[in-house]
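Every number in this text was worked out from the coordinates using simple rules, so none of it is lab data. It should be emphasised that the depicted structure is a prediction, and the values quoted were computed from it without experimental measurement. Methodologically, a virtual Cβ is constructed for each residue, glycine included, from the backbone with ideal geometry; neighbour enumeration extends over all protein chains shown.
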C-alpha cells in the first residue's frame with residue numbers, strides 16, 4: 001500500500017539545488033527543476049554516490065562521482081557510465097509542504 005509522507009517544505013528546496021531526505025531508512029533526492037518537483041533514489045545506479053550532492057542542470061542530475069547523468073522526471077540513465085535507471089517517486093505539495101508517495105509493507 002502506498003502512503004504520502006511529508007519530506008520537506010518549499011523553503012528548504014531551492015531551484016536546481018537537490019535536497020537529501022530520508023524516509024523509512026531510504027535516502028531520496030528531492031529536486032526543484034523549472035519550478036516542478038521530482039524525487040528519485042539518492043544512490044547512483046553506477047557507483048555508490050549521493051545524487052543529492054550532484055549538479056542539477058535542467059531536468060538532468062549529474063552524479064558527483066563519475067559524471068553519470070539521470071533524467072529526474074523518469075529516472076532514465078542519460079550518460080555513460082550510468083546505464084541502469086534509478087527509481088522515481090510521485091511528489092505533491094499541500095500549501096508549502098512537500099510530500100512523496102512511498103510504498104509501505
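Distance between the C-alpha centres of the range 81-105 and the range 1-22: 9 Å, rounded to the whole angstrom. Each residue, residue 26 and residue 2, gets one label point 7 Å from its Cα in the Cβ direction; the gap between the two is 1.2 nm.
When each of the peptides 25-31, 39-45, 80-86 is scored by the mean number of other C-beta atoms lying within 10 Å of its residues, the order from highest to lowest reads 39-45, 25-31, 80-86.
In plain terms, the chain from residue 103 to residue 66 could stretch by 10.3 nm, reckoned as 0.36 nm per residue minus the Cα-Cα distance. For the range 10-105, what's the relative contact order in percent, using C-alpha pairs closer than 8 Å and at least 6 residues apart? Relative contact order for the range 10-105 comes out at 21 percent. If you bin all the Cα-Cα distances of the range 2-103 at 5 Å, starting from zero, the percentages per bin are 3, 15, 28, 26, 17, 9, 3, 0.
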